[in-house]
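I have a structure I would like to understand better, so I am pasting it below and will then ask my questions one at a time.
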2 protein chains.
Amino acid sequence: MAQAHGPSRSAPATLSDVARLAGVSIATASKALNGRDQVRAETRQRVIEAAARLSFRPNQVARGLLAGRTGTVGLLTSDLEGRFSIPILMGAEDAFGAGEVAVFLCDARGDTIREQHHVRALLGRRVDGLIVVGSRTDPRRSLGRELPVPVVYAYAPSEDPEDLSIVPDNVGAGRMAVDHLLACGRTRIAHITGDPGYAAARDRAEGARAALADAGLSLAGEPRFGAWSEGWGRAATALLLDRHPDVDAVLCGSDQIARGALDVLRERGHRVPEDVAVMGFDNWQVLTSACRPPLTSVDMNLEEVGRAAARALFTAIAGDHGRGVETLPCRVVVRGSTAPLS
Amino acid sequence: MAQAHGPSRSAPATLSDVARLAGVSIATASKALNGRDQVRAETRQRVIEAAARLSFRPNQVARGLLAGRTGTVGLLTSDLEGRFSIPILMGAEDAFGAGEVAVFLCDARGDTIREQHHVRALLGRRVDGLIVVGSRTDPRRSLGRELPVPVVYAYAPSEDPEDLSIVPDNVGAGRMAVDHLLACGRTRIAHITGDPGYAAARDRAEGARAALADAGLSLAGEPRFGAWSEGWGRAATALLLDRHPDVDAVLCGSDQIARGALDVLRERGHRVPEDVAVMGFDNWQVLTSACRPPLTSVDMNLEEVGRAAARALFTAIAGDHGRGVETLPCRVVVRGSTAPLS
DNA sequence: AACGTCACAGAAAACCTTTTCGGTCAGCTT
DNA sequence: AAGCTGACCGAAAAGGTTTTCTGTGACGTT
């Protein structure tokens, strides 16, 4: 199966090939192709044709060496598997791709050693900047202030306030969720959420509480912290219904938890959304659309987080450094699991 | 918030800085650091210390320009959002990272124009090779034979048999699934699967049929093609139970379909796995562990597909080209939804 | 003392592009 | 005819590293 011929592997054409074919010097060829003046229109045309014939593509490596900027950035994720990195990565890739910047992808797999290794490798390649994507919104160790290139932290903020971090506004997300439920006329709202070790869980709960307080209300019972799983969603909902049979809304800390809640509600004969409204967080398409009824959820706008991080890195590379933690708003996506009380 | 000072942005040390500090010429410094001979041990030591003091990292850009190989590859996905690309990407990143190769990530978003654009950009950066990751196992258009670097197709094979493609063995996966159900003593096996426009659906069905034929059996009814959704899983299972109330196993074309099937079975009072065994494909953790009972599923070994693609690209870059479609075996992951008939 | 050998260090070329600066030539003015 | 202007083109340097080739001493041999 293996063999050694393969397709044509001729070395790509260089500028001097183009120049030779067009009968001009290298310098003239460069000027002609880059739209600089000092070149007669007719000469320029000859060069352009020669370049086309050889399918010449300027060597970005050489250009990078000369310019001191390579037009590349490193994107360092700590956990590709987790589903939060992907939309951020897509947003960043999108924003950079438009700006002719190429992205090196590195996955540290949650290992600090590997992360250090990747940082060194990326610096060796003279990236113009770095984006560090975390897997949780809890603050993470800074890469340090002594790096030769700007760094932007996305999703997981840096512990160092001198660094620039872009994160979704989880507190605001909790507020928005409760505001939506209040707008639906719900007043007995319970909150079932995930692992209290996660800032996301605490922040969302805090936002929910604050929004209720603003309305002169409070949660039905304490927030129920547990795990980010359907199993916990089911268990906690069962308990909730025993203790507070009159709830008219369950705000769940994730779509998975919400899915579990929906299943138990349905099994126990509660109608959603007529009797009880249910909401989740993350707006994870596969889950929200598989739920019965489809799940209203708060979208964390992660793709926008990625785009914003990319833009921030752009301006930092241009010399204009930001600092501190910048939060981005989320948005409620309404589906069948919430509706006004009739 | 924005401002212009920021951390130290001194240009990284160059080899000539090191040489000057060590009091030797650039050439000697290079030889000392790269372990070549022609350098006295004492001199070498001085150079190494100087390099450490300046935290010198050789400029891979310059090295790449000289060597003609950049130590970079392009990873071109057609659909990052879809969950199949990610494990492949992780496997490839893993295999390359160990080999000191850096990966450019590009997402074409299913758009041919954008794909072409990315290919050109990557070639301009003089990548040593390309991996093209598809979102479906259906054959896709080749990038062409005239590219100056080797290309390996992963997941979605190239239409051109001269190209090298690495794909999971969906036919084999169908066989393995049925073999497992047969080993559990099941004989009345139904198959509910997804969109018949997908080769994955057809291949798995074909494998299932072949394995049953080998055992002198056939499917309970025709394979039920539909959509890759829980909704279809529910609907098809309801129909199936009406038509064939005596099935003792349902092989589902995806974990989502299987989840729908499980829900309907439970709602109708069938015990899983005692009365009916249920299996899915893809081994999508979030789903398999959220199911009641946890779902037995066929893992497509996508990470291994990514690793194999990376290895194949490695050897292709070394000049040893493969061709044709190479299939990789899958594996059954047994959980609570299948068990021997008692 | 002349020569050869050996160990080591440095100069320079190569990789490819961009940019600066100097040079050539036609055409024009005085 | 001499000088000037302006348009155009090419030589060369720069960017950082690796490698080849050419020294340059020290030392040992004849």
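The values are calculated or read from the model by the stated rules, or taken from the named source; none is laboratory data. Worth saying up front: this structure is predicted, and the values here are computed from it rather than measured. Cβ coordinates were reconstructed from backbone atoms using ideal geometry, including for glycine residues, and neighbour counts include every protein chain displayed. Heads up: the accessible areas ignore ligands, DNA and RNA and are worked out on the full protein's heavy atoms, side chains in. Shrake-Rupley method; radii C 1.70, N 1.55, O 1.52, S 1.80 Å.
Quick check on this structure: which one of B:Asp163, B:Asp179, B:Asp111, B:Asp128 is more than 21 Å from the chain's Cα centre (by Cα), among the acidic types (Asp, Glu) and more than 8 Å from chain A (Cβ to nearest Cβ)?
Working: B:Asp163 fails: more than 21 Å from the chain's Cα centre (by Cα); B:Asp111 fails: more than 21 Å from the chain's Cα centre (by Cα); B:Asp128 fails: more than 21 Å from the chain's Cα centre (by Cα).
One residue alone meets the criteria, B:Asp179.
Now for a separate question. Are any residues in region A:150-159 outside any strand (DSSP E or B) and in contact (Cβ under 8 Å) with a residue 60 or more places away in the chain, and if so, which ones? Steps first, please.
Filtering region A:150-159 down to residues outside any strand (DSSP E or B) leaves A:150, A:155-157, A:159.
A:Pro150, A:Tyr155, A:Ala156, A:Pro157, listed by residue number.
Please count how many residues of region B:94-111 are open to solvent by 70 Å² or more (accessible area, probe 1.4 Å) and either in contact with a strand residue (DSSP E or B) (Cβ under 8 Å, 6 or more places away or on another chain) or at negative phi (or both).
Qualifying residue count, region B:94-111: 1.
Having 1 or more residues that are among the β-branched types (Val, Ile, Thr) and near DNA strand D (Cβ under 10 Å from one of its atoms) is the bar; report the helices (runs of 4 or more DSSP H) wholly within region A:1-101 that clear it.
On the way: elements: A:15-22, A:26-33, A:41-53, A:60-67, A:85-98.
In region A:1-101, A:26-33, A:41-53, A:60-67 are the helices (runs of 4 or more DSSP H) which contain 1 or more residues that are among the β-branched types (Val, Ile, Thr) and near DNA strand D (Cβ under 10 Å from one of its atoms).
Suppose the filter is open to solvent by less than 10 Å² (accessible area, probe 1.4 Å) and out of contact with any Cys (no Cβ under 8 Å at 6 or more places or on another chain); does A:Ala310 pass it?
Values: open to solvent by less than 10 Å² (accessible area, probe 1.4 Å): yes; out of contact with any Cys (no Cβ under 8 Å at 6 or more places or on another chain): yes.
Taking the combined requirement at face value, the residue satisfies it.
Does B:Thr338 satisfy being in contact with a strand residue (DSSP E or B) (Cβ under 6 Å, 6 or more places away or on another chain), outside any helix (DSSP H, G or I) and open to solvent by 60 Å² or more (accessible area, probe 1.4 Å)? Before you say what the answer is, go through the steps one by one.
Values: in contact with a strand residue (DSSP E or B) (Cβ under 6 Å, 6 or more places away or on another chain): yes; outside any helix (DSSP H, G or I): yes; open to solvent by 60 Å² or more (accessible area, probe 1.4 Å): no.
The answer is no for B:Thr338.
So which residues in region A:6-29 are more than 14 Å from chain B (Cβ to nearest Cβ), within 13 Å of DNA strand C (Cβ to nearest atom) and surrounded by fewer than 18 Cβ atoms within 10 Å (Cβ to Cβ), if there are any at all?
Passing the criteria: A:Ser16, A:Arg20, A:Ser25, A:Ile26, A:Ala27.
Is it true that some residue in region A:258-281 is within 12 Å of chain B (Cβ to nearest Cβ), open to solvent by 20 Å² or more (accessible area, probe 1.4 Å) and touching a strand residue (DSSP E or B) at 6+ places or on another chain (Cβ under 9 Å)?
no
For B:Thr72, which of the numbered conditions (1) open to solvent by less than 50 Å² (accessible area, probe 1.4 Å); (2) modelled with pLDDT under 95 fails to hold?
It is condition (2) that B:Thr72 fails.
So which of A:Asp214, A:Asp255 is among the acidic types (Asp, Glu), in contact with a helix residue (DSSP H, G or I) (Cβ under 8 Å, 6 or more places away or on another chain) and at pLDDT 95 or above? So that I can check it myself, show each step before the final result.
Details: A:Asp214 fails: in contact with a helix residue (DSSP H, G or I) (Cβ under 8 Å, 6 or more places away or on another chain).
Criteria check complete, one pass: A:Asp255.
Can you name every residue in region B:33-77 that is within 30 Å of B:Thr315 (Cα to Cα), within 12 Å of DNA strand C (Cβ to nearest atom) and away from every other protein chain (no Cβ under 11 Å)?
B:Arg36, B:Asp37
Now, a different point. Here are the criteria: (1) outside the structural domain of A:Tyr153 (by TED's automatic domain parsing); (2) within 25 Å of B:Phe84 (Cβ to Cβ). Tell me which single one A:Glu267 does not satisfy.
(2)
Being modelled with pLDDT of 95 or more, outside any helix (DSSP H, G or I) and open to solvent by 30 Å² or more (accessible area, probe 1.4 Å), is that true of even one residue in region B:114-122?
No: region B:114-122 contains no residue that is modelled with pLDDT of 95 or more, outside any helix (DSSP H, G or I) and open to solvent by 30 Å² or more (accessible area, probe 1.4 Å).
Kindly check whether there is at least one residue in region B:167-177 that is among the polar types (S, T, N, Q), open to solvent by less than 10 Å² (accessible area, probe 1.4 Å) and touching a helix residue (DSSP H, G or I) at 6+ places or on another chain (Cβ under 7 Å).
If we filter region B:167-177 for residues that are among the polar types (S, T, N, Q), which is where we start, we get B:170.
Now drop any that are not open to solvent by less than 10 Å² (accessible area, probe 1.4 Å), which leaves B:170.
Restricting the remaining residues to those that are touching a helix residue (DSSP H, G or I) at 6+ places or on another chain (Cβ under 7 Å) gives B:170.
Yes.
Okay, moving on. Those residues that are under 24 Å from B:Ala62 (Cβ atoms), within 8 Å of chain A (Cβ to nearest Cβ) and either touching a residue at least 40 places away in the same chain (Cβ under 8 Å) or among the aliphatic types (A, V, I, L, M) (or both), I need them from region B:86-104; list them, please.
Listed by number, the residues that qualify are B:Ala102, B:Val103.
May I pose another question? Name the pairs: first residue in region B:35-49 and of a type in the set (A, V, I, L, M), second residue more than 10 Å from DNA strand D (Cβ to nearest atom), Cβ to Cβ under 7 Å, at least 6 apart or on different chains?
Here the result reads B:Val47/B:Ala22; B:Val47/B:Val24, each pair linking region B:35-49 to a residue that is more than 10 Å from DNA strand D (Cβ to nearest atom).
Would you tally the residues in region B:230-247 being buried (at least 17 other Cβ atoms within 10 Å of the Cβ), of a type outside the set (Val, Ile, Thr) and touching a strand residue (DSSP E or B) at 6+ places or on another chain (Cβ under 7 Å)? Outline the logic, then answer.
Step one: list which residues in region B:230-247 are buried (at least 17 other Cβ atoms within 10 Å of the Cβ), which gives B:230, B:232-237, B:240-241, B:247.
Next, only the ones that are of a type outside the set (Val, Ile, Thr) stay: B:230, B:232-236, B:240-241.
Going one step further and asking which of them are touching a strand residue (DSSP E or B) at 6+ places or on another chain (Cβ under 7 Å), we end up with B:233, B:236, B:240.
So the answer is 3.
Quick check on this structure: which one of A:Arg126, A:Arg188 is charged (D, E, K, R), touching a residue at least 12 places away in the same chain (Cβ under 8 Å) and touching a helix residue (DSSP H, G or I) at 6+ places or on another chain (Cβ under 9 Å)? Spell out the reasoning first.
Details: A:Arg188 fails: touching a helix residue (DSSP H, G or I) at 6+ places or on another chain (Cβ under 9 Å).
Exactly one of A:Arg126, A:Arg188 is charged (D, E, K, R), touching a residue at least 12 places away in the same chain (Cβ under 8 Å) and touching a helix residue (DSSP H, G or I) at 6+ places or on another chain (Cβ under 9 Å), namely A:Arg126.
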